[in-house]
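These notes are about the structure you will find just below.
The values are calculated or read from the model by the stated rules, or taken from the named source; none is laboratory data. If you're wondering where the values come from, they're calculated on a predicted model, not measured in any experiment. Reconstructed Cβ throughout: ideal geometry from the backbone, glycine too, with neighbour counts over all protein chains shown. We work out accessible area using only protein heavy atoms, side chains counted, and drop any ligands, DNA or RNA first. Shrake-Rupley method; radii C 1.70, N 1.55, O 1.52, S 1.80 Å.
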Amino acid sequence: MSDKTAKLSLPNGEELELTVLSPTMGKDVIDVRALGKAGYFTYDPGYVSTGACESKITFIDGGKGQLLYRGYPIEQLADQSNFEEVAYLLLNGELPNKEEYEAFVAKIHNHTMVHQQMMNFFNGFRRDAHPMAIMIAVVGALSAFYHDSLDINDPQHREISAMRLIAKVPTIAAMCYRYSVGHPFVYPNNDKSLAWNFLNMMFSQPTNDWEPDPILVKAMDRIFTLHADHEQNASTSTVRLAGSSGANPFAAIASGIACLWGPAHGGANEACLNMLREIGDVSRIPEFIARAKDKSDPFRLMGFGHRVYKNFDPRAKVMRESAYEVLELLGKHDDPTFKVALELEKIALEDPYFVEKKLYPNVDFYSGVILDAIGIPTNMFTVIFALARTVGWVSQWNEMIGEPSRKIGRPRQLYTGATERDYVEISKR
Ligand code: SDX
(Lines give C-alpha, C1' and ligand atoms only; values in the text may rest on other atoms or scores of the structure.)
Protein backbone atom coordinates (compact mmCIF):
# COMPACT_ATOMS: atom_id res chain seq x y z
CA MET A 1 0.00 0.00 0.00
CA SER A 2 1.23 3.63 0.08
CA ASP A 3 0.92 6.93 1.94
CA LYS A 4 0.02 8.73 -1.31
CA THR A 5 -3.36 10.49 -1.50
CA ALA A 6 -5.56 12.14 -4.14
CA LYS A 7 -7.59 15.26 -3.35
CA LEU A 8 -11.06 15.68 -4.86
CA SER A 9 -13.05 18.93 -4.83
CA LEU A 10 -16.70 17.82 -4.76
CA PRO A 11 -19.62 19.81 -6.29
CA ASN A 12 -21.06 20.25 -2.77
CA GLY A 13 -17.94 22.21 -1.81
CA GLU A 14 -16.41 19.38 0.22
CA GLU A 15 -12.73 18.48 -0.20
CA LEU A 16 -12.24 14.73 -0.15
CA GLU A 17 -8.85 13.11 0.38
CA LEU A 18 -8.71 9.62 -1.15
CA THR A 19 -6.07 7.01 -0.43
CA VAL A 20 -3.85 5.94 -3.34
CA LEU A 21 -2.86 2.27 -3.22
CA SER A 22 0.40 1.20 -4.87
CA PRO A 23 0.77 -2.17 -6.62
CA THR A 24 3.89 -4.33 -6.88
CA MET A 25 3.58 -3.79 -10.67
CA GLY A 26 1.42 -1.50 -12.80
CA LYS A 27 -0.57 1.65 -12.08
CA ASP A 28 -1.42 3.15 -8.71
CA VAL A 29 -5.12 2.88 -7.88
CA ILE A 30 -7.26 5.53 -6.20
CA ASP A 31 -9.43 3.98 -3.47
CA VAL A 32 -12.84 5.57 -4.08
CA ARG A 33 -14.72 3.69 -1.36
CA ALA A 34 -15.07 6.89 0.67
CA LEU A 35 -17.01 8.52 -2.20
CA GLY A 36 -20.20 6.66 -1.29
CA LYS A 37 -20.29 8.21 2.20
CA ALA A 38 -19.68 11.65 0.63
CA GLY A 39 -22.82 11.12 -1.49
CA TYR A 40 -21.30 10.23 -4.86
CA PHE A 41 -20.79 7.19 -7.10
CA THR A 42 -18.06 6.71 -9.70
CA TYR A 43 -19.18 6.10 -13.29
CA ASP A 44 -17.16 3.86 -15.62
CA PRO A 45 -19.25 1.79 -18.10
CA GLY A 46 -17.24 -1.25 -19.22
CA TYR A 47 -14.86 -0.75 -16.28
CA VAL A 48 -12.27 0.85 -18.58
CA SER A 49 -10.55 2.59 -15.64
CA THR A 50 -11.87 0.59 -12.70
CA GLY A 51 -10.04 -1.96 -10.58
CA ALA A 52 -12.69 -4.31 -9.17
CA CYS A 53 -10.41 -6.36 -6.93
CA GLU A 54 -6.91 -6.96 -5.63
CA SER A 55 -5.19 -10.00 -7.13
CA LYS A 56 -1.80 -11.69 -7.06
CA ILE A 57 -2.38 -14.10 -9.95
CA THR A 58 -1.76 -12.49 -13.36
CA PHE A 59 -0.28 -9.18 -14.48
CA ILE A 60 -0.54 -7.53 -17.89
CA ASP A 61 1.34 -4.46 -19.08
CA GLY A 62 -0.64 -3.55 -22.21
CA GLY A 63 1.87 -0.93 -23.33
CA LYS A 64 4.80 -3.35 -23.23
CA GLY A 65 2.84 -6.40 -24.39
CA GLN A 66 3.79 -8.16 -21.15
CA LEU A 67 1.88 -11.06 -19.54
CA LEU A 68 3.04 -12.68 -16.28
CA TYR A 69 1.46 -15.65 -14.48
CA ARG A 70 2.45 -15.27 -10.80
CA GLY A 71 5.43 -13.21 -12.05
CA TYR A 72 6.63 -15.66 -14.71
CA PRO A 73 6.63 -14.36 -18.34
CA ILE A 74 4.15 -16.20 -20.54
CA GLU A 75 6.83 -16.74 -23.19
CA GLN A 76 8.98 -18.74 -20.74
CA LEU A 77 6.05 -20.77 -19.45
CA ALA A 78 4.85 -21.56 -22.99
CA ASP A 79 8.36 -22.65 -23.91
CA GLN A 80 9.50 -24.50 -20.77
CA SER A 81 6.46 -25.47 -18.68
CA ASN A 82 3.25 -27.42 -19.33
CA PHE A 83 -0.47 -26.94 -18.68
CA GLU A 84 -0.65 -29.02 -15.48
CA GLU A 85 2.36 -27.20 -14.00
CA VAL A 86 0.87 -23.81 -14.99
CA ALA A 87 -2.39 -24.86 -13.33
CA TYR A 88 -0.47 -25.59 -10.11
CA LEU A 89 1.33 -22.22 -10.40
CA LEU A 90 -1.87 -20.20 -10.97
CA LEU A 91 -3.72 -21.99 -8.16
CA ASN A 92 -0.92 -22.02 -5.56
CA GLY A 93 1.27 -19.05 -6.46
CA GLU A 94 4.59 -20.89 -6.80
CA LEU A 95 6.10 -23.43 -9.21
CA PRO A 96 5.92 -26.94 -7.71
CA ASN A 97 8.96 -29.06 -6.84
CA LYS A 98 9.06 -32.59 -8.28
CA GLU A 99 7.04 -34.17 -5.48
CA GLU A 100 4.43 -31.39 -5.45
CA TYR A 101 4.12 -31.59 -9.23
CA GLU A 102 3.68 -35.37 -9.30
CA ALA A 103 1.12 -35.28 -6.47
CA PHE A 104 -0.85 -32.50 -8.19
CA VAL A 105 -0.86 -34.26 -11.55
CA ALA A 106 -1.99 -37.51 -9.92
CA LYS A 107 -4.79 -35.64 -8.13
CA ILE A 108 -5.95 -33.93 -11.31
CA HIS A 109 -5.74 -37.09 -13.39
CA ASN A 110 -7.85 -38.98 -10.83
CA HIS A 111 -10.79 -36.72 -11.54
CA THR A 112 -10.85 -36.76 -15.32
CA MET A 113 -13.89 -39.06 -15.67
CA VAL A 114 -17.44 -37.76 -15.37
CA HIS A 115 -20.35 -39.55 -13.66
CA GLN A 116 -21.94 -41.98 -16.12
CA GLN A 117 -25.30 -40.19 -15.66
CA MET A 118 -23.74 -37.05 -17.19
CA MET A 119 -23.95 -38.78 -20.56
CA ASN A 120 -27.74 -38.39 -20.46
CA PHE A 121 -27.51 -34.60 -20.62
CA PHE A 122 -26.05 -34.79 -24.10
CA ASN A 123 -29.03 -36.71 -25.49
CA GLY A 124 -31.28 -33.73 -24.80
CA PHE A 125 -29.41 -31.68 -27.41
CA ARG A 126 -29.70 -31.83 -31.18
CA ARG A 127 -26.52 -33.19 -32.77
CA ASP A 128 -25.91 -29.77 -34.37
CA ALA A 129 -26.21 -27.86 -31.08
CA HIS A 130 -23.37 -25.38 -30.61
CA PRO A 131 -20.91 -27.08 -28.23
CA MET A 132 -20.69 -23.94 -26.09
CA ALA A 133 -24.40 -24.28 -25.30
CA ILE A 134 -23.74 -27.86 -24.18
CA MET A 135 -20.69 -26.81 -22.14
CA ILE A 136 -22.67 -24.18 -20.21
CA ALA A 137 -25.36 -26.75 -19.42
CA VAL A 138 -23.19 -29.74 -18.56
CA VAL A 139 -20.57 -27.85 -16.53
CA GLY A 140 -23.35 -26.15 -14.57
CA ALA A 141 -24.95 -29.57 -14.03
CA LEU A 142 -21.78 -30.81 -12.30
CA SER A 143 -23.06 -29.00 -9.18
CA ALA A 144 -25.88 -31.56 -9.05
CA PHE A 145 -23.34 -34.36 -8.57
CA TYR A 146 -21.09 -33.02 -5.84
CA HIS A 147 -23.32 -32.07 -2.90
CA ASP A 148 -20.53 -33.39 -0.65
CA SER A 149 -18.19 -30.49 -1.47
CA LEU A 150 -20.16 -27.31 -2.09
CA ASP A 151 -19.29 -25.47 1.12
CA ILE A 152 -17.24 -22.69 -0.44
CA ASN A 153 -15.98 -21.58 2.96
CA ASP A 154 -14.28 -24.96 3.43
CA PRO A 155 -10.80 -24.81 1.79
CA GLN A 156 -10.88 -28.57 1.24
CA HIS A 157 -14.22 -28.31 -0.58
CA ARG A 158 -12.78 -25.51 -2.68
CA GLU A 159 -9.72 -27.60 -3.49
CA ILE A 160 -11.61 -30.73 -4.56
CA SER A 161 -14.02 -28.60 -6.62
CA ALA A 162 -11.06 -26.95 -8.33
CA MET A 163 -9.52 -30.36 -9.13
CA ARG A 164 -12.82 -31.69 -10.45
CA LEU A 165 -13.37 -28.68 -12.71
CA ILE A 166 -9.82 -28.58 -14.13
CA ALA A 167 -9.90 -32.35 -14.72
CA LYS A 168 -13.45 -32.80 -16.02
CA VAL A 169 -13.90 -29.82 -18.31
CA PRO A 170 -11.50 -31.31 -20.94
CA THR A 171 -13.49 -34.57 -20.84
CA ILE A 172 -16.81 -32.72 -21.23
CA ALA A 173 -15.31 -30.58 -24.03
CA ALA A 174 -14.28 -33.66 -26.02
CA MET A 175 -17.70 -35.25 -25.33
CA CYS A 176 -19.35 -32.21 -26.95
CA TYR A 177 -17.46 -32.91 -30.17
CA ARG A 178 -17.99 -36.68 -30.08
CA TYR A 179 -21.74 -36.17 -29.58
CA SER A 180 -21.91 -33.77 -32.53
CA VAL A 181 -20.38 -36.34 -34.91
CA GLY A 182 -22.18 -39.37 -33.46
CA HIS A 183 -18.99 -41.07 -32.28
CA PRO A 184 -18.79 -42.96 -28.97
CA PHE A 185 -17.36 -41.06 -26.02
CA VAL A 186 -13.72 -41.90 -25.29
CA TYR A 187 -12.55 -42.29 -21.70
CA PRO A 188 -9.49 -40.41 -20.42
CA ASN A 189 -6.21 -42.23 -19.80
CA ASN A 190 -4.83 -41.18 -16.42
CA ASP A 191 -1.26 -41.98 -17.44
CA LYS A 192 -1.30 -39.19 -19.99
CA SER A 193 -1.41 -35.37 -19.91
CA LEU A 194 -4.59 -33.34 -20.24
CA ALA A 195 -3.44 -32.17 -23.69
CA TRP A 196 -2.75 -35.74 -24.87
CA ASN A 197 -6.06 -36.86 -23.42
CA PHE A 198 -8.01 -34.07 -25.05
CA LEU A 199 -6.72 -34.95 -28.54
CA ASN A 200 -7.21 -38.66 -27.85
CA MET A 201 -10.78 -38.17 -26.56
CA MET A 202 -11.48 -36.02 -29.63
CA PHE A 203 -10.07 -38.20 -32.40
CA SER A 204 -9.29 -41.80 -31.34
CA GLN A 205 -11.69 -44.55 -32.44
CA PRO A 206 -12.41 -47.92 -30.75
CA THR A 207 -11.80 -49.58 -34.10
CA ASN A 208 -8.05 -48.98 -34.40
CA ASP A 209 -4.93 -48.02 -32.45
CA TRP A 210 -4.12 -44.34 -32.72
CA GLU A 211 -1.88 -41.92 -30.84
CA PRO A 212 -1.97 -38.13 -31.07
CA ASP A 213 1.19 -36.75 -32.73
CA PRO A 214 3.57 -35.50 -29.97
CA ILE A 215 4.07 -32.17 -31.79
CA LEU A 216 0.31 -31.63 -31.89
CA VAL A 217 0.09 -32.57 -28.21
CA LYS A 218 2.78 -29.95 -27.45
CA ALA A 219 0.92 -27.37 -29.56
CA MET A 220 -2.34 -28.17 -27.72
CA ASP A 221 -0.59 -27.97 -24.35
CA ARG A 222 0.89 -24.60 -25.34
CA ILE A 223 -2.54 -23.32 -26.47
CA PHE A 224 -3.98 -24.37 -23.08
CA THR A 225 -1.13 -22.57 -21.27
CA LEU A 226 -1.51 -19.38 -23.31
CA HIS A 227 -5.27 -19.22 -22.60
CA ALA A 228 -5.13 -20.23 -18.93
CA ASP A 229 -5.60 -16.80 -17.31
CA HIS A 230 -5.68 -13.11 -18.17
CA GLU A 231 -6.38 -10.81 -15.19
CA GLN A 232 -9.92 -9.46 -14.82
CA ASN A 233 -11.24 -10.06 -18.38
CA ALA A 234 -14.99 -10.17 -18.95
CA SER A 235 -15.48 -13.88 -18.23
CA THR A 236 -13.21 -13.89 -15.18
CA SER A 237 -15.05 -10.86 -13.81
CA THR A 238 -18.29 -12.78 -14.45
CA VAL A 239 -17.00 -15.75 -12.46
CA ARG A 240 -15.93 -13.45 -9.61
CA LEU A 241 -19.29 -11.69 -9.57
CA ALA A 242 -21.27 -14.94 -9.69
CA GLY A 243 -19.03 -16.48 -7.01
CA SER A 244 -19.31 -13.38 -4.79
CA SER A 245 -22.94 -14.30 -4.06
CA GLY A 246 -21.78 -17.66 -2.65
CA ALA A 247 -22.90 -19.57 -5.75
CA ASN A 248 -21.12 -22.91 -6.01
CA PRO A 249 -17.98 -23.04 -8.20
CA PHE A 250 -19.59 -25.19 -10.91
CA ALA A 251 -22.36 -22.61 -11.39
CA ALA A 252 -19.83 -19.75 -11.28
CA ILE A 253 -17.62 -21.39 -13.93
CA ALA A 254 -20.69 -22.08 -16.11
CA SER A 255 -21.42 -18.32 -15.99
CA GLY A 256 -17.85 -17.68 -17.15
CA ILE A 257 -18.31 -20.06 -20.08
CA ALA A 258 -21.47 -18.19 -21.05
CA CYS A 259 -19.67 -14.83 -21.04
CA LEU A 260 -16.64 -16.18 -22.90
CA TRP A 261 -18.90 -17.26 -25.80
CA GLY A 262 -19.35 -13.67 -27.06
CA PRO A 263 -17.49 -12.78 -30.30
CA ALA A 264 -15.95 -9.74 -28.61
CA HIS A 265 -14.30 -12.12 -26.13
CA GLY A 266 -13.56 -15.84 -26.40
CA GLY A 267 -15.85 -16.28 -29.39
CA ALA A 268 -13.39 -14.21 -31.43
CA ASN A 269 -11.25 -17.23 -32.38
CA GLU A 270 -14.20 -18.88 -34.11
CA ALA A 271 -15.25 -15.52 -35.62
CA CYS A 272 -11.66 -14.82 -36.73
CA LEU A 273 -11.27 -18.09 -38.63
CA ASN A 274 -14.66 -17.58 -40.27
CA MET A 275 -13.50 -14.07 -41.25
CA LEU A 276 -10.20 -15.36 -42.69
CA ARG A 277 -12.14 -17.94 -44.68
CA GLU A 278 -14.59 -15.27 -45.90
CA ILE A 279 -11.66 -13.10 -47.02
CA GLY A 280 -10.40 -16.22 -48.80
CA ASP A 281 -7.62 -14.54 -50.75
CA VAL A 282 -5.03 -11.84 -49.99
CA SER A 283 -6.49 -9.77 -52.86
CA ARG A 284 -9.66 -9.21 -50.82
CA ILE A 285 -7.90 -7.96 -47.67
CA PRO A 286 -8.18 -4.22 -48.53
CA GLU A 287 -11.97 -4.61 -48.83
CA PHE A 288 -12.21 -6.00 -45.29
CA ILE A 289 -9.76 -3.45 -43.87
CA ALA A 290 -11.97 -0.70 -45.34
CA ARG A 291 -15.05 -2.25 -43.74
CA ALA A 292 -13.28 -2.48 -40.36
CA LYS A 293 -12.54 1.26 -40.57
CA ASP A 294 -16.04 2.22 -41.69
CA LYS A 295 -17.94 3.50 -38.67
CA SER A 296 -21.26 2.78 -40.36
CA ASP A 297 -20.28 -0.87 -40.72
CA PRO A 298 -20.50 -2.98 -37.52
CA PHE A 299 -17.78 -5.28 -38.94
CA ARG A 300 -14.60 -5.45 -36.89
CA LEU A 301 -11.39 -7.25 -37.72
CA MET A 302 -11.75 -10.35 -35.55
CA GLY A 303 -8.58 -11.23 -33.69
CA PHE A 304 -7.45 -7.60 -33.63
CA GLY A 305 -7.54 -5.09 -30.81
CA HIS A 306 -7.67 -5.48 -27.08
CA ARG A 307 -8.92 -3.54 -24.09
CA VAL A 308 -5.53 -3.77 -22.37
CA TYR A 309 -2.89 -4.59 -24.98
CA LYS A 310 -1.90 -1.49 -26.95
CA ASN A 311 1.05 -3.43 -28.29
CA PHE A 312 1.41 -6.99 -29.56
CA ASP A 313 -0.44 -9.56 -27.43
CA PRO A 314 2.55 -11.71 -26.35
CA ARG A 315 0.33 -14.78 -26.74
CA ALA A 316 -0.22 -13.96 -30.42
CA LYS A 317 3.54 -14.01 -31.02
CA VAL A 318 3.91 -17.45 -29.42
CA MET A 319 0.83 -18.65 -31.26
CA ARG A 320 2.26 -17.47 -34.60
CA GLU A 321 5.40 -19.51 -34.00
CA SER A 322 3.31 -22.56 -33.12
CA ALA A 323 1.26 -22.08 -36.26
CA TYR A 324 4.40 -22.28 -38.39
CA GLU A 325 5.52 -25.47 -36.59
CA VAL A 326 2.15 -27.22 -36.83
CA LEU A 327 1.52 -26.28 -40.46
CA GLU A 328 5.06 -27.39 -41.37
CA LEU A 329 4.51 -30.72 -39.60
CA LEU A 330 1.20 -31.25 -41.35
CA GLY A 331 2.59 -30.16 -44.71
CA LYS A 332 0.14 -27.26 -44.79
CA HIS A 333 2.75 -24.45 -44.88
CA ASP A 334 0.94 -23.04 -47.90
CA ASP A 335 -2.38 -23.14 -46.04
CA PRO A 336 -4.42 -20.34 -47.72
CA THR A 337 -6.00 -19.28 -44.42
CA PHE A 338 -2.57 -18.88 -42.81
CA LYS A 339 -1.34 -16.94 -45.83
CA VAL A 340 -4.31 -14.57 -45.54
CA ALA A 341 -3.63 -14.23 -41.79
CA LEU A 342 0.05 -13.35 -42.31
CA GLU A 343 -0.75 -10.84 -45.06
CA LEU A 344 -3.67 -9.34 -43.11
CA GLU A 345 -1.43 -8.85 -40.08
CA LYS A 346 1.23 -7.18 -42.23
CA ILE A 347 -1.20 -4.84 -44.02
CA ALA A 348 -3.18 -3.96 -40.87
CA LEU A 349 -0.03 -3.12 -38.91
CA GLU A 350 0.99 -0.63 -41.60
CA ASP A 351 -2.47 0.96 -41.87
CA PRO A 352 -2.68 4.36 -40.07
CA TYR A 353 -6.12 3.49 -38.60
CA PHE A 354 -4.79 0.41 -36.81
CA VAL A 355 -1.52 2.12 -35.91
CA GLU A 356 -3.27 5.17 -34.38
CA LYS A 357 -5.75 3.02 -32.43
CA LYS A 358 -2.97 0.60 -31.42
CA LEU A 359 -4.86 -2.38 -32.77
CA TYR A 360 -2.60 -5.44 -32.83
CA PRO A 361 -3.32 -9.14 -33.32
CA ASN A 362 -4.55 -10.72 -30.09
CA VAL A 363 -4.55 -14.27 -28.77
CA ASP A 364 -7.46 -15.22 -31.03
CA PHE A 365 -5.81 -14.23 -34.29
CA TYR A 366 -3.58 -17.27 -34.82
CA SER A 367 -5.15 -19.83 -32.49
CA GLY A 368 -7.87 -20.59 -35.01
CA VAL A 369 -5.32 -21.28 -37.75
CA ILE A 370 -3.58 -23.88 -35.56
CA LEU A 371 -6.79 -25.50 -34.33
CA ASP A 372 -8.14 -25.66 -37.88
CA ALA A 373 -4.90 -27.27 -39.09
CA ILE A 374 -5.13 -29.89 -36.31
CA GLY A 375 -8.62 -30.74 -37.59
CA ILE A 376 -10.65 -29.22 -34.79
CA PRO A 377 -14.00 -27.87 -36.04
CA THR A 378 -14.42 -24.09 -35.81
CA ASN A 379 -17.33 -24.26 -33.38
CA MET A 380 -15.04 -26.07 -30.91
CA PHE A 381 -12.51 -23.22 -30.75
CA THR A 382 -14.17 -21.32 -27.92
CA VAL A 383 -14.77 -24.62 -26.10
CA ILE A 384 -10.98 -25.06 -26.07
CA PHE A 385 -10.58 -21.51 -24.80
CA ALA A 386 -13.06 -22.33 -21.99
CA LEU A 387 -11.22 -25.59 -21.22
CA ALA A 388 -7.98 -23.69 -20.68
CA ARG A 389 -9.49 -20.67 -18.95
CA THR A 390 -11.19 -22.90 -16.39
CA VAL A 391 -7.79 -22.99 -14.66
CA GLY A 392 -7.70 -19.19 -14.43
CA TRP A 393 -11.36 -18.89 -13.49
CA VAL A 394 -10.95 -21.42 -10.68
CA SER A 395 -7.77 -19.72 -9.44
CA GLN A 396 -9.38 -16.27 -9.43
CA TRP A 397 -12.56 -17.62 -7.82
CA ASN A 398 -10.54 -19.35 -5.12
CA GLU A 399 -8.54 -16.17 -4.46
CA MET A 400 -11.73 -14.15 -4.10
CA ILE A 401 -13.54 -16.67 -1.87
CA GLY A 402 -10.47 -16.94 0.33
CA GLU A 403 -10.46 -13.18 1.04
CA PRO A 404 -11.65 -12.38 4.60
CA SER A 405 -13.05 -9.05 3.33
CA ARG A 406 -15.10 -10.73 0.57
CA LYS A 407 -18.31 -8.84 -0.27
CA ILE A 408 -21.04 -9.59 -2.78
CA GLY A 409 -20.42 -7.56 -5.96
CA ARG A 410 -23.16 -4.96 -6.43
CA PRO A 411 -22.32 -2.08 -8.85
CA ARG A 412 -24.36 1.15 -8.72
CA GLN A 413 -25.60 3.22 -11.70
CA LEU A 414 -26.28 6.60 -13.25
CA TYR A 415 -30.09 6.59 -13.34
CA THR A 416 -31.60 8.70 -16.16
CA GLY A 417 -35.06 7.15 -16.24
CA ALA A 418 -38.46 8.60 -15.30
CA THR A 419 -38.73 10.54 -12.03
CA GLU A 420 -41.38 9.38 -9.51
CA ARG A 421 -44.96 9.52 -10.83
CA ASP A 422 -48.39 8.11 -9.85
CA TYR A 423 -50.05 5.12 -11.48
CA VAL A 424 -52.78 5.98 -14.04
CA GLU A 425 -55.56 3.46 -14.62
CA ILE A 426 -55.92 2.21 -18.15
CA SER A 427 -59.23 4.02 -18.83
CA LYS A 428 -57.44 7.32 -18.28
CA ARG A 429 -54.34 6.68 -20.44
C1 SDX B 1 -10.14 -11.72 -25.77
O2 SDX B 1 -9.95 -8.86 -21.76
C3 SDX B 1 -9.21 -9.83 -22.08
O4 SDX B 1 -8.15 -10.04 -21.52
C5 SDX B 1 -9.76 -10.75 -23.17
C6 SDX B 1 -8.84 -11.85 -23.64
C7 SDX B 1 -8.60 -12.88 -22.56
O8 SDX B 1 -7.59 -13.60 -22.67
O9 SDX B 1 -9.48 -13.04 -21.68
O10 SDX B 1 -7.60 -11.31 -24.07
C11 SDX B 1 -9.47 -12.61 -24.80
O12 SDX B 1 -11.30 -11.47 -25.63
C13 SDX B 1 -9.31 -11.06 -26.85
C14 SDX B 1 -10.15 -10.07 -27.73
C15 SDX B 1 -10.91 -10.90 -28.76
N16 SDX B 1 -11.88 -10.07 -29.48
C17 SDX B 1 -11.70 -9.74 -30.77
O18 SDX B 1 -10.71 -10.02 -31.44
C19 SDX B 1 -12.90 -9.02 -31.40
C20 SDX B 1 -12.41 -7.79 -32.18
N21 SDX B 1 -11.89 -6.84 -31.23
C22 SDX B 1 -12.77 -5.75 -30.80
O23 SDX B 1 -14.09 -6.18 -30.62
C24 SDX B 1 -12.17 -4.92 -29.66
O25 SDX B 1 -10.88 -4.66 -30.00
C26 SDX B 1 -12.20 -5.46 -28.25
C27 SDX B 1 -13.57 -5.85 -27.81
C28 SDX B 1 -11.30 -6.62 -28.12
C29 SDX B 1 -11.70 -4.32 -27.33
O30 SDX B 1 -12.63 -3.35 -27.37
P31 SDX B 1 -12.47 -2.02 -26.46
O32 SDX B 1 -11.33 -2.06 -25.55
O33 SDX B 1 -13.79 -1.72 -25.86
O34 SDX B 1 -12.03 -0.99 -27.51
P35 SDX B 1 -13.02 -0.19 -28.37
O36 SDX B 1 -14.11 -1.11 -28.86
O37 SDX B 1 -13.43 1.02 -27.60
O38 SDX B 1 -12.11 0.17 -29.60
C39 SDX B 1 -11.34 1.35 -29.58
C40 SDX B 1 -11.41 1.85 -31.01
C41 SDX B 1 -12.84 2.02 -31.52
O42 SDX B 1 -12.81 3.03 -32.50
P43 SDX B 1 -13.33 4.53 -32.02
O44 SDX B 1 -14.72 4.35 -31.46
O45 SDX B 1 -12.33 4.97 -30.98
O46 SDX B 1 -13.30 5.33 -33.30
O47 SDX B 1 -10.78 0.89 -31.88
C48 SDX B 1 -11.74 0.38 -32.80
C49 SDX B 1 -13.12 0.71 -32.24
O50 SDX B 1 -14.05 0.88 -33.31
N51 SDX B 1 -11.54 -1.05 -32.86
C52 SDX B 1 -11.55 -1.78 -33.98
C53 SDX B 1 -11.27 -3.10 -33.57
N54 SDX B 1 -11.11 -3.13 -32.24
C55 SDX B 1 -11.28 -1.87 -31.80
N56 SDX B 1 -11.79 -1.44 -35.26
C57 SDX B 1 -11.74 -2.47 -36.15
N58 SDX B 1 -11.45 -3.75 -35.85
C59 SDX B 1 -11.22 -4.10 -34.57
N60 SDX B 1 -10.95 -5.36 -34.25
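Here's the picture: a label point sits 7 Å out from the Cα of Ala264 along the beta-carbon direction, and within the stretch 47-63 the residues with their amide nitrogen under 12 Å of it are 47-48.
Of the residues Asp351, Asp79, Asp151, the one with the largest accessible area comes first in the ranking Asp79, Asp151, Asp351, computed with a 1.4 Å probe on protein heavy atoms.
Would you mind counting up the charge near Ile108? Only other residues with Cβ under 14 Å from its Cβ, with Lys and Arg at +1 and Asp and Glu at -1. Its environment carries a net charge of -3. Placing a label point 7 Å from the Cα of Glu403 along the Cα-to-Cβ direction, the residues of the stretch 13-45 with a backbone N closer than 16 Å are 21-24, 29-34.
Each peptide among 137-144, 54-61 gets the average number of other Cβ atoms lying within 10 Å of its residues, and from highest to lowest they stand as 137-144, 54-61. Within the stretch 161-228, the chymotrypsin sites (Phe, Trp or Tyr not before Pro) that combine a DSSP coil assignment with at most 12 other C-beta atoms in a 10 angstrom radius are Trp210. With a simple spin-label model that places each label point 7 Å from the Cα along the Cα-to-Cβ direction, the separation between Ala106 and Ser427 comes to 8.1 nm.
Gain on full extension, evaluated as 0.36 nm per residue between Tyr324 and Ala52 minus their Cα-Cα distance, stands at 94.1 nm.
With each label modelled as a point 7 angstrom along the Cα→C-beta vector, the Lys358-Asn12 pair spans 3.7 nm. Accessible surface comparison of Asp154, Asp335, Asp28, Asp148, probe 1.4 Å, protein chains only, largest first: the order is Asp148, Asp28, Asp154, Asp335.
Calculated mean residue ellipticity, 222 nm, the chain: -15500 deg cm²/dmol, from DSSP H runs (n ≥ 4) at -39500 (n - 2.57) each, averaged per residue and rounded to 500.
What ranking of Tyr47, Tyr187 comes out by heavy-atom accessible area, probe 1.4 Å, highest first? Mind showing how you got there, number by number?
Numbers: Tyr47 135, Tyr187 115 Å².
Descending accessible area places them as Tyr47, Tyr187.
Across the chain, the mean sequence separation of Cα contacts (distance under 8 Å, 6 or more residues apart), normalised by length, yields a relative contact order of 20 percent. Between His183 and Thr19, full extension at 0.36 nm per residue minus the direct alpha carbon distance yields a gain of 53.1 nm. Pairs from the list Lys293/Lys332; Lys98/Lys317; Lys37/Lys407; Lys27/Lys407; Lys27/Lys346; Lys295/Lys358 with a Cα-Cα gap above 21 Å: Lys293/Lys332; Lys98/Lys317; Lys27/Lys407; Lys27/Lys346. With the simple model of a label 7 Å out from the Cα in the direction of the Cβ, Lys4 to Arg410 spans 3.2 nm.
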